[in-house]
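The values are calculated or read from the model by the stated rules, or taken from the named source; none is laboratory data. Predicted model only: the values in this text are computed from it and were never measured. All Cβ positions, glycine included, derive from the backbone under ideal geometry; neighbour counts span all protein chains shown.
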């Protein structure tokens, strides 16, 4: 069984009792030194202002804010502005913080000034006789060191504190710093919103100009290639088909006119031959129209044996026979006097009729030929457009891709610019994120430093430590022997006899027996 050694505290208690004055005097001296320090060190009071960070009042889904930096980063920026030299000099003048408290020239500082020359060091002359501007710089640095900013509630609030020798001044300066933080935050947010709007406005104008330039290039390309654009391909194909169909119809009409001209020429030649034959037979240059109709019908029967009823020559010949019969019917209904008046020479059908008809057919054929040439020119134009469509489409795709890319960036920036303008108006009306004072700074009831309880506890602990050390040192230097163990260890006597331990003695003692 493991036996735990017992601690013998009696020697230590005897040492404390024996060397009590070696412990008491250092404790008293340490407490006295702490008390002197408290008396010579001026009190410093800390006043704090708690500021709550309120979210913007308009939901972010409706008006997204342009100020998206973290609160700690924004506080650092505002702190740099508040802690600037010019601002701190204004605070110093406003609240009459014209001198550094006496703790910089305290009792210990005077001791330092007296001890340094004795040990061979001299005090810095700049610290002894400092000019006015150096004193102002030191005062600004000192005031800056007394300003403290602490984040609270997971960066949803922060505390501004200021330390000074006067509690009223500390509270007033803390409230002034809080007001400056609120004003600087409003200005910073408004400035950031305005800067974002100006930047986006400049980018929108730049992209708008670029978009207009690309749009002009695209429109110029479309004008130069009008008719060969991809969206006009189907229309060109349809027109080309119509033109070719019309060209086929014109060719068919031209062929029909040529056949008609051939028939009329044969009729015209037959009429001339009949007239010459009649003149030779003494008929006065006339001829028998009925015989001409019969000749035409005989010619029609011959053609029917060779062609179908839809053959152009048959169609023309039937039309001419019909016209001749109608003319014969009209002449048959006329009086003899009317016949002599209508044809005093006795010729009912003159050969000039065939000539005029041939001239009309020739003019018609010329018109058809001109139309065919125009159609061929148009067909070549549309075929060229169809062939160029693929090349134009490729170049147009490149231009439209660049235009769409710029247009997409322009539209995105335009939307962001509108959102930035709304955010700027929101910041101007103070509807965005704001700083609101929750707890205003009040004059503190007690000093923040020095901490009297802590100083006295540290002095007591230091005195007791020094006293214990001195007591132990004095005990080690004392040659006297205060116990049998010390004497035994010091003298180390020789052993005269050794008796063994007799078992059962303790049991006999418990029964009441003796040795």
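Can you run down the residue pairs with Cβ atoms below 7 Å, 6 or more apart or on separate chains, where the first is in region 446-460 and at negative phi and in contact (Cβ under 8 Å) with a residue 60 or more places away in the chain and the partner is assigned to a loop (DSSP other than H, G, I, E, B) and surrounded by 14 or more Cβ atoms within 10 Å (Cβ to Cβ)?
447/43; 450/41
Looking at residue 445, is it exposed (fewer than 14 other Cβ atoms within 10 Å of the Cβ) and in a loop (DSSP other than H, G, I, E, B)? First the steps, then the outcome.
Values: exposed (fewer than 14 other Cβ atoms within 10 Å of the Cβ): yes; in a loop (DSSP other than H, G, I, E, B): yes.
The answer is yes for residue 445.
Can you spot a residue in region 228-241 that is assigned to a loop (DSSP other than H, G, I, E, B) and surrounded by 15 or more Cβ atoms within 10 Å (Cβ to Cβ)? Explain how you work it out, then say what you get.
Initially, region 228-241 is screened for residues assigned to a loop (DSSP other than H, G, I, E, B), giving 228-229.
Among the residues that remain, those that are also surrounded by 15 or more Cβ atoms within 10 Å (Cβ to Cβ) are: 228-229.
Yes.
What number of residues within region 144-170 are surrounded by 18 or more Cβ atoms within 10 Å (Cβ to Cβ) and within 36 Å of the chain's Cα centre (by Cα)?
The qualifying residues number 5.
Working only within region 188-214, note down all residues that are under 24 Å from residue 397 (Cα atoms) and exposed (fewer than 14 other Cβ atoms within 10 Å of the Cβ).
Taking region 188-214 as the starting set, the residues that turn out to be under 24 Å from residue 397 (Cα atoms) are 206-214.
Once the filter is applied, which keeps residues that are under 24 Å from residue 397 (Cα atoms) and exposed (fewer than 14 other Cβ atoms within 10 Å of the Cβ), region 188-214 yields 206, 209, 212, 213.
Mind checking which pairs have a first residue in region 175-187 that is on the phi < 0 side of the Ramachandran plot and surrounded by 17 or more Cβ atoms within 10 Å (Cβ to Cβ) and a second that is at pLDDT 85 or above and part of a helix (DSSP H, G or I), Cβ under 8 Å, 6 or more apart or different chains?
Short answer, once both residue conditions are applied: 176/91; 176/94; 176/95; 177/91; 180/87.
Residues that are loosely packed, with under 14 Cβ neighbours inside 10 Å and at pLDDT below 80: find the helices (runs of 4 or more DSSP H) completely inside region 1-115 holding 1 or more of those. So that I can check it myself, show each step before the final result.
Working: elements: 10-18, 20-40, 71-82, 85-95.
Hits in region 1-115: 10-18, 71-82.
May I ask you to verify whether residue 432 is at pLDDT 85 or above and crowded, with 16+ Cβ neighbours inside 10 Å? Walk me through it before giving the result.
On the way: at pLDDT 85 or above: no; crowded, with 16+ Cβ neighbours inside 10 Å: yes.
Criteria not met by residue 432.
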